[in-house]
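Colleague: Before we start, here is the structure in question, set down as structure tokens.
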Amino acid sequence: MAQQLLVGIDIGTGSSKGVLTTLTGEVIALSEQPHHLSLPKPGWAEHDAESVWWADFKAICDELVAAAGDDEIAGVAISGIGPCFLPADENADPLRPGILYGIDTRAMAEVHELTEKYGEGRITKRCGNPMNAQSIGAKILWLRRHEPDVYDKTRYFFMAHTFLAHRLTGVYYLDHISASYSEPLYHVGRNKWNRGWVKDIAPGLPMPELKWPTDVIGHITAEGAERSGLPEGIPVAAGTMDSFADAMSVGVRRPGDAVVIYGSTMSIVLVTDESLPSAQLWSNAHLFKNTYNLASGMATSGSLTKWLRDVCGNVDFAQLTTEAEDVPPGSDGLVILPYFAGERTPLLDPDARGTIIGLTLNHGRGHLYRALMEATAYGARHVLEVMHEAGGSGR
């Protein structure tokens with residue numbers, strides 16, 4: 001007997017992944033597509049929406065639809081890196097590569113300008129946190145200033161997951177969590193756009209309709225079905241940014257729930273029952289109405305150990321782990337500050353730099369590997385302390 005299945009697809013920084021599951025969460029098939037991160041200039045980080053986001057999505061859909069066989073695909077949800085800014089024209093076609101999240105620091109001049117214009121205190125009160133390297137409002141202002149011809153043609157602003165969902169459904173929307181990262185365009189405590197600041201920063205650009213991540217935003221159109229290979233008429237959920245989809249998947253839904261998510265970077269999400277503005281963290285809408293979160297993102301995590309592996313001639317991680325196991329806690333006095341790509345929260349300093357302190361001739365690569373992992377752990381501890389100071393408390 002045919003069963004109903006669900007498709008979930010995530011667009012990541014270095015690869016995209018898809019999963020086909022039963023309605024109860026049993027995994028039927030997996031798919032992964034690696035892709036290229038474009039770094040065209042210092043401080044820039046981009047993805048081409050057609051050759052990365054859409055091409056990955058289509059390839060994953062092809063594999064998962066084939067794996068479904070005679071079973072029925074009953075629904076789709078998409079998550080992705082964010083916050084991102086993809087300007088698109090009146091036909092919803094991309095006008096330039098998508099500008100990525102906080103690893104893209106091109107708009108720092110605009111961050112400082114908007115902070116001075118509106119006041120850091122007012123921004124923090126409305127938006128939950130100060131302007132920072134990944135604030136979408138600053139990146140929209142950057143586009144107006146540096147690529148005015150592109151801005152003049154812009155009629156849509158997408159993130160990775162909403163670009164793909166729009167291709168399937170034709171619906172122009174943004175989930176509340178992702179909107180929370182569009183400082184200073186969104187009011188976290190009121191869950192709506194800051195209309196005055198929107199008009200000032202993004203004149204002529206319609207803001208997307210706001211949805212909660214679990215809302216069904218629409219159904220796959222005939223055109224969406226033809227382009228994607230997915231069945232026409234099935235529902236598409238709003239979805240959200242990847243870290244919060246991760247949080248949902250492990251049950252971080254109620255006030256007090258928290259999760260630490262390790263990847264190339266690292267995220268920590270703590271659910272709260274009220275908005276807790278913080279000058280050092282991100283305070284956002286959460287997955288459901290009347291829930292909020294304190295969130296943090298370190299700029300590096302797994303990328304640190306990958307860096308050491310590559311520097312050491314692509315030595316196997318298992319070998320590095322074995323060598324690190326022989327090193328005592330504290331790495332025999334070797335201390336590393338993990339800011340190899342600047343730092344997001346709680347320092348909010350894209351100009352911070354990694355530092356190796358206390359290196360001697362007695363230290364080997366096992367010490368370096370352990371010290372990098374300890375640096376990540378200390379960074380996580382720093383975040384949790386700041387969350388506690390902001391009024392958050394975890395289970």
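The values are calculated or read from the model by the stated rules, or taken from the named source; none is laboratory data. Since the structure is predicted, the reported quantities are computational estimates derived from the model, not experimental observations. Note that we place each Cβ from the backbone using ideal geometry, even for glycine, and neighbour counts take in every protein chain shown. Accessible surface is based on the protein model in full, side chains and every heavy atom, while ligands, DNA and RNA are left aside. Shrake-Rupley method; radii C 1.70, N 1.55, O 1.52, S 1.80 Å.
Colleague: May I ask you to compute the full-extension gain from His36 to Lys199, defined as 0.36 nm times their residue separation minus their alpha-carbon distance, rounded to one decimal in nm? Numbers along the way, then the final one.
Modeller: Details: separation 163, 0.36 × 163 = 58.68 nm, distance 3.48 nm.
That works out to 55.2 nm of additional length.
Colleague: Let me ask something additional. Pick out, in residue order, every one of the GluC sites (Glu not before Pro) in the range 80-147 that is DSSP loop and has at most 16 other C-beta atoms within 10 Å; say none if there are none.
Modeller: Glu90
Colleague: Of the accessible area of the chain, with the probe set at 1.4 angstrom, what percent is carbon plus sulfur?
Modeller: 51
Colleague: Please give the residues of the range 149-168, grouped as numeric ranges, whose backbone N is less than 16 Å from a label point set 7 Å along the Cα-to-Cβ vector of Glu226.
Modeller: Only 167-168 pass the distance filter.
Colleague: Each label point is 7 Å from the Cα along the Cα-to-Cβ direction; what then is the distance between the points at Glu113 and Asp310, in nm?
Modeller: Reported label-point gap for Glu113 and Asp310 is 3.3 nm.
Colleague: Rounded to a whole number, what is D in µm²/s for the chain from Stokes-Einstein with the Kirkwood radius over alpha-carbon pairs (25 °C, 0.890 mPa s)?
Modeller: 112
Colleague: Kyte-Doolittle mean at least -1.0 and Cα extent at least 27 Å along the axis: which DSSP H helices of the chain qualify?
Modeller: Numbers: long enough: 365-389 (36 Å, -0.28).
Long hydrophobic helices here: 365-389.
Colleague: Here's another thing I want to ask about it. Set Lys and Arg Cβ to +1 and Asp and Glu Cβ to -1, take the dipole of the range 196-346 about its Cα centre, and tell me which of Val327, Val252, Ala222 lies farthest positive.
Modeller: About the Cα centre, the residue reaching furthest to the positive side is Ala222.
Colleague: Taking the Cα centre of the range 177-280 as origin, sum charge times position over the Cβ atoms of Lys and Arg (+1) and Asp and Glu (-1), and report the length of that vector in debye to the nearest 20.
Modeller: Using Cβ point charges on Lys, Arg, Asp and Glu, the range 177-280 gives about 280 debye.
Colleague: Now for a different question. Do you know the relative contact order of the chain, to the nearest whole percent, from alpha carbon pairs under 8 angstrom that are 6+ apart?
Modeller: Working: 879 pairs, mean separation 51.7, N = 395.
In percent, rounded to a whole number, it is 13.
Colleague: What is the spin-label model distance, in nm, from Asp152 to Ser393 if the labels are put 7 Å beyond Cα along the C-beta direction?
Modeller: Between Asp152 and Ser393, the label points sit 5.7 nm apart.
Colleague: Here's something else I'd like to know. Would you mind checking the pairs Lys17/Lys153; Lys117/Lys289; Lys17/Lys125; Lys58/Lys211; Lys17/Lys192 and listing those with alpha carbons more than 27 angstrom apart?
Modeller: Values: Lys17/Lys153 32 Å; Lys117/Lys289 31 Å; Lys17/Lys125 36 Å; Lys58/Lys211 24 Å; Lys17/Lys192 31 Å.
Over 27 Å apart, Cα to Cα: Lys17/Lys153; Lys117/Lys289; Lys17/Lys125; Lys17/Lys192.
Colleague: Can I ask one more? Per DSSP H run of at least 4 residues, take -39500 (n - 2.57); add these up for the chain, divide by its residues and hand me the 222 nm value, nearest 500 deg cm²/dmol. Intermediate results must be reported in sequence, preceding the final value.
Modeller: Values: 13 runs with 131 residues, N = 395.
The helix-only estimate for the chain comes to -10000 deg cm²/dmol at 222 nm.
Colleague: Go ahead and collect, in residue order, the members of the range 233-267 whose backbone nitrogen is under 12 Å from a label point 7 Å along the Cα-Cβ direction of Gln4.
Modeller: The answer is 234-235, whose backbone nitrogens lie closer than 12 Å to the label point.
Colleague: Multiplying the sequence separation of Asp332 and Thr355 by 0.36 nm and subtracting their Cα-Cα distance, what value in nm do you get? Walk me through the numbers on the way to the answer.
Modeller: Values: separation 23, 0.36 × 23 = 8.28 nm, distance 1.63 nm.
Result: 6.6 nm gained on full extension.
Colleague: Write out the GluC sites (Glu not before Pro) in the range 209-312 meeting two conditions: DSSP loop, and at most 16 other Cβ atoms within 10 Å of their Cβ. Before the final figure, lay out each step's value.
Modeller: Values: sites: Glu209, Glu223, Glu226, Glu232, Glu274; in loops: Glu232, Glu274.
Taking the range 209-312 and a limit of 16 other Cβ atoms within 10 Å, the loop GluC sites (Glu not before Pro) found are Glu232, Glu274.
Colleague: Sort Leu100, Leu6 by heavy-atom solvent-accessible area, probe 1.4 angstrom, most to least. Walk me through the numbers on the way to the answer.
Modeller: Numbers: Leu100 0, Leu6 60 Å².
Descending accessible area places them as Leu6, Leu100.
Colleague: Same structure again: Considering only DSSP beta bridges with both partners in the chain, what is the antiparallel share in %, to the nearest 5? Intermediate results must be reported in sequence, preceding the final value.
Modeller: On the way: 47 of 62 bridges.
Around 75 percent of the beta bridges assigned by DSSP in the chain are antiparallel ones.
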